[in-house]
Amino acid sequence: MIAAMAEPVIYLDHNATTACDPRVVEAMLPLMTETYANPTTRNHRPGRDAACALERARATVDRLLGGRAASEVVFTAGATEGNNLALMGAADALADRGRHIVSQRTEHASVLEPLAALQRRGWEITLVGVDEIGRIDLDALESAIRDDTTLISLMLANNETGTIQPLAEAAALARSRGALVHCDAAQAVGKIPVDVAELDVDLLTASAHKFYGPKGIGVLWIRHRRPRIRLMPVNFGGGQEAGLRSGTPNVPGAVGMARALEIAASQGDAERARLAVLRDRLESSILEALDGSWPNGDAHNRLPNTSNLSVAGIEVNALLASLPDLAVNTGSACTSAHPEPSPVLRAMGVSDELASSSLRLSIGRWTTEEDVDRAAARITEEVTRLRRMPTRMGRGSHRR
Ligand code: PMP
């Protein structure tokens, strides 16, 4: 039997993950086939060569994040592990100084869940709200910080809406009260300039697969000077990564992440400008063609590749099912059958109905004008068709 040719799919889900850039793959290959020795083994040359490659990657990552010393970089398996290590590791290390942590409601689960775990162990957690475009309320943040607040944790850019937080201002507030600052920059690094010195953070998390690097590698950047931040490890073993992340280091991954960061830095403004033009074209085509549709997030200060739209009168899973030629995501934390209204959009005051009728479109390095025009036409066509169907689950209202 001859398998049917798969339809080409337009991939608009770059905030979930990206393809590896071929230049990254090229940089990684020799580390898998030639320089494959365990970098922890220093008593033979192959081991020392692997260690050398790992340390070069570490220095590159630190420099491109605006750090001052390669030793500030701890390689992890990705942002989930980095966030867990930052929060649990800092909470443990700072427990004697205080047991109060401040974060905000639209954080990723890999921040909210470790915080919930800490709460079960007796820490007090305050989650500050956001305004209607998803920006943290700085006044609420200021009043939430107490004398026993040891840490605040804020994302730089939101994965669902692309809203960029006023992080440097928030960090300054925290610092003036003696609290450390952790930043989940998983959606920001590689998409917008991120500099740990400018943001003045103490801990920062990133993940390579969000910026055309490989999956399974990330970084927790830890400030080493003024002040030197010490964390407790959360896993134990051979003591690699300065004792903070035991396990054989992922050398190909680290080299790939360093290369991906170099490429992002070199494409910089040009890539951002190209993406913003395409994203705006995609977004305005849909908004103009469909009444009862609204953008979510900060129109002026958001990731250049991200658009989040609420489309009244559709059931988002039905829409996605009718678009097999597009890889787009819901704006919601989706369960298999019924989309739960997105907690991010809810925190921004979007109604449950609209929050569960939301699409997240995230374009990337290889998205073309043709792709966005085709995607906008297909989304408009299918929304119009679904809205005409009698079984619209009573979703008649086009009002926000
Ligand atoms: N934080 C944010 C903001 C994210 O978007 C993601 C990925 N969806 C993560 C953390 C987790 O990243 P990883 O897949 O590398 O564990």
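For N308, the criteria (1) part of a strand (DSSP E or B); (2) more than 20 Å from E107 (Cα to Cα) hold in every case but one, which is (2). Across the range 77-100, the qualifying residues are those that are charged (D, E, K, R) and more than 16 Å from the ligand (Cβ to nearest atom), and the one among them that is nearest to S207 (Cα to Cα) is D92.
Restricting attention to the range 152-175 and to residues that are modelled with pLDDT of 95 or more and farther than 22 Å from V344 by Cα, the residue that is surrounded by the most Cβ atoms within 10 Å (Cβ to Cβ) turns out to be A174.
Matching residues to (1) among the aliphatic types (A, V, I, L, M); (2) crowded, with 24+ Cβ neighbours inside 10 Å:
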{"position": "G190", "(1), (2)": "no, yes"}
{"position": "P193", "(1), (2)": "no, no"}
{"position": "A197", "(1), (2)": "yes, no"}
{"position": "S207", "(1), (2)": "no, yes"}
{"position": "K210", "(1), (2)": "no, yes"}
{"position": "K215", "(1), (2)": "no, no"}
{"position": "V219", "(1), (2)": "yes, yes"}
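Select, from L319, L309, L287, L303, the only residue that is surrounded by fewer than 19 Cβ atoms within 10 Å (Cβ to Cβ) and either of a type outside the set (D, E) or more than 23 Å from E340 (Cα to Cα) (or both). Exactly one residue qualifies, and that residue is L287.
Within the range 152-185, which residues are in a loop (DSSP other than H, G, I, E, B) and within 12 Å of the ligand (Cβ to nearest atom)? Don't jump to the end; show me each part of the working.
First pass over the range 152-185, keeping only residues in a loop (DSSP other than H, G, I, E, B): 156, 158-162, 165-166, 177-179, 185.
Once the filter is applied, which keeps residues that are in a loop (DSSP other than H, G, I, E, B) and within 12 Å of the ligand (Cβ to nearest atom), the range 152-185 yields L156, N158, N159, E160, T161, G162, Q165, A185.
For E142, the conditions (1) touching a strand residue (DSSP E or B) at 6+ places or on another chain (Cβ under 6 Å); (2) assigned to a helix (DSSP H, G or I); (3) more than 16 Å from the ligand (Cβ to nearest atom) are fulfilled apart from (1).
For the range 94-122, the set of residues classified as in a helix (DSSP H, G or I) and at pLDDT 95 or above consists of A109, S110, V111, L112, E113, P114, L115, A116, A117, L118, Q119, R120, listed by residue number.
Kindly check whether there is at least one residue in the range 186-204 that is in a loop (DSSP other than H, G, I, E, B), polar (S, T, N, Q), within 11 Å of the ligand (Cβ to nearest atom) and modelled with pLDDT of 95 or more. Full working, then the answer.
Taking the range 186-204 and keeping what is in a loop (DSSP other than H, G, I, E, B), we get 186-188, 190-191, 193-195, 200-202.
Applying the additional criterion that residues be polar (S, T, N, Q) yields 187.
Among the residues that remain, those that are also within 11 Å of the ligand (Cβ to nearest atom) are: 187.
With modelled with pLDDT of 95 or more added as a condition, the list becomes 187.
Yes; the residues of the range 186-204 include at least one that is in a loop (DSSP other than H, G, I, E, B), polar (S, T, N, Q), within 11 Å of the ligand (Cβ to nearest atom) and modelled with pLDDT of 95 or more.
Here E124 qualifies as surrounded by fewer than 17 Cβ atoms within 10 Å (Cβ to Cβ) and touching a strand residue (DSSP E or B) at 6+ places or on another chain (Cβ under 6 Å).
If you check A109 against the conditions, is it open to solvent by 50 Å² or more (accessible area, probe 1.4 Å), of a type in the set (G, A, S) and either over 26 Å from Y212 (Cα atoms) or within 20 Å of the chain's Cα centre (by Cα) (or both)? Yes. The residue pairs whose first member lies in the range 72-97 and is over 16 Å from G253 (Cα atoms), whose second member is of a type in the set (D, E) and surrounded by 21 or more Cβ atoms within 10 Å (Cβ to Cβ), and whose beta carbons are closer than 6 Å, counting only pairs six or more residues apart or on different chains, are E72/D62; N83/D184.
Taken across the range 283-296, residues that are under 21 Å from the mean Cα position of the chain (by Cα), at pLDDT below 95 and within 20 Å of I363 (Cα to Cα) do not occur at all.
The values are calculated or read from the model by the stated rules, or taken from the named source; none is laboratory data. Quick caveat, the model's predicted, so the values are computed rather than measured. Using ideal geometry, Cβ is built from the backbone for each residue, glycine included, and neighbour counts are taken over all protein chains shown. Quick note on the areas: whole protein, heavy atoms, side chains included, nothing else; ligands and nucleic acids left out. Shrake-Rupley method; radii C 1.70, N 1.55, O 1.52, S 1.80 Å.
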